[in-house]
Amino acid sequence: MFRVVRKREWHPTITELWVEAPRVARKYRPGQFVIVRVDEKGERVPLTVVDANREEGTVRLLFQKVGKSTFHLSLLNPGDAIADVVGPMGRPTHIEDFGTVVCVGGGVGVGPLYPIAKGMKGAGNRLISIIGARTKELLILEDEMRAISDELIVTTDDGSYGMHGFVTDALKQVLDRDEKVDMAVAIGPAIMMKFVARTAEPYKVPLIVSLNSIMVDATGMCGACRVSVGGTTRFVCVDGPEFDGYQVDYDLLIKRQQMYLDKEKEALERFKRQHPEAFQGVC
Ligand code: NAD
Ligand code: FES
């Protein structure tokens, strides 16, 4: 069992847990994720690792409550235990001193972006970070992103904080400057990564995106997480989660992410009837 040691509610729909998982903490590198099962009957859910504390033997998990399992997980408090935390999974990010790197994070995608941005800064890059959310209340990790960035631009879709607009609007402004950008990394909803690719392509900046497709076994066997990259089928769990941002078929990814929506909705409704307390403050 994996004990929860700290908890933070960023928003009624976004929760952070620090969980004891010493072996995962020891091996984790930026870009990797874990598979979590809240109890023995729970489904396997891929979750972002935002940080790892090797001395304490803990990992920091951050997730959006979207389905039954993430709402269930959000009910856990310090002292409670999670049945399984398996990982670290996936290939770590290739980090080196590229020169100037722009890191773009949308919504909860800022969670997995943070350790990569920190790694890029640690490798000697000039780091320009762009983080965005629909509204000020949904913005996460602003202080931590500011602390590691040479420049941080914050956007909100509704203009309630920072620049009014999408992260792609800020990205275009950065790319239009008289400053060479050597690498871009984007993590967020698939539609955001699709438009980041469209925005960056004319500037010929290499682009890495991190995909979060539906996963079942996370071993490359079941095919649930398959995506099309450069016309070839790839498995996000073992070949990714990062891919060349210009080669991903985002429309197919979005279609596959919505495949089980009806079933997910049914399971969520059942869970809501059993645990109304998990939905406090959630519209
Ligand atoms: P969201 O819908 O609130 O969007 C976040 C930001 O992305 C927006 O503020 C905007 O700046 C940008 N964006 C959205 N649509 C855009 C568009 N059409 N063009 C340009 N920019 C756009 O995001 P959210 O609700 O926090 O994110 C939820 C999604 O993120 C989930 O579907 C989840 O699967 C995904 N997610 C992805 C990862 C990953 O590793 N890729 C990790 C966590 C979550
Ligand atoms: Fe089964 Fe990736 S989750 S192949």
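The values are calculated or read from the model by the stated rules, or taken from the named source; none is laboratory data. Because the structure is a prediction, the values reported are computed rather than measured. Here the Cβ is made from the backbone with ideal geometry for all residues, glycine too, and neighbour counts use every protein chain on show.
Output the qualifying pairs, or none if there are none: Cβ atoms under 7 angstrom, residues six or more apart or on different chains, first residue in the range 212-234 and within 17 Å of Gly31 (Cβ to Cβ), second residue within 14 Å of ligand 1 (Cβ to nearest atom) and modelled with pLDDT under 90.
Ser213/Arg256; Ser213/Gln257; Cys225/Ser213; Cys225/Ile214; Cys225/Met215; Val227/Ser213
Being within 14 Å of ligand 2 (Cβ to nearest atom), farther than 26 Å from Pro88 by Cβ and either of a type in the set (D, E, K, R) or at pLDDT below 95 (or both), is that true of even one residue in the range 235-253?
Scanning the range 235-253 turns up no residue that is within 14 Å of ligand 2 (Cβ to nearest atom), farther than 26 Å from Pro88 by Cβ and either of a type in the set (D, E, K, R) or at pLDDT below 95 (or both).
What pairs come out if I take residues in the range 162-191 that are touching a residue at least 24 places away in the same chain (Cβ under 8 Å) and under 17 Å from Ile254 (Cβ atoms) and pair them with residues that are β-branched (Val, Ile, Thr) and part of a helix (DSSP H, G or I) whose C-beta lies under 7 Å away, six or more apart or interchain?
Going by the 7 Å Cβ cut-off, the qualifying pairs are Thr168/Val196; Thr168/Thr199; Ala186/Val196; Ala190/Ile254; Ile191/Ile254.
Just one of the numbered conditions (1) of a type in the set (A, V, I, L, M, F, W, C); (2) over 20 Å from the mean Cα position of the chain (by Cα); (3) part of a loop (DSSP other than H, G, I, E, B); (4) at pLDDT below 95 is not true of Ala278; which one?
Tallying (1) of a type in the set (A, V, I, L, M, F, W, C); (2) over 20 Å from the mean Cα position of the chain (by Cα); (3) part of a loop (DSSP other than H, G, I, E, B); (4) at pLDDT below 95, Ala278 fails exactly one: (3).
Is it true that some residue in the range 261-272 is within 14 Å of ligand 1 (Cβ to nearest atom), within 30 Å of Gly42 (Cβ to Cβ) and not in a strand (DSSP E or B)?
Looking through the range 261-272, at least one residue is within 14 Å of ligand 1 (Cβ to nearest atom), within 30 Å of Gly42 (Cβ to Cβ) and not in a strand (DSSP E or B).
Whether any residue in the range 247-260 is touching a His at 6+ places or on another chain (Cβ under 7 Å) and either more than 24 Å from Glu43 (Cα to Cα) or away from ligand 1 (no atom under 16 Å from the Cβ) (or both) is what I want to check.
no
Kindly provide the set of residues from the range 219-242 that are assigned to a loop (DSSP other than H, G, I, E, B) and either within 16 Å of ligand 1 (Cβ to nearest atom) or buried (at least 19 other Cβ atoms within 10 Å of the Cβ) (or both), ordered by number. Spell out the reasoning first.
Taking the range 219-242 and keeping what is assigned to a loop (DSSP other than H, G, I, E, B), we get 219-225, 230-231, 240-241.
Ala224, Cys225, Gly240, Pro241, listed by residue number.
Can you tell me which residue in the range 179-218 is surrounded by the fewest Cβ atoms within 10 Å (Cβ to Cβ), limited to those that are within 16 Å of ligand 2 (Cβ to nearest atom) and in a loop (DSSP other than H, G, I, E, B)?
Asp217
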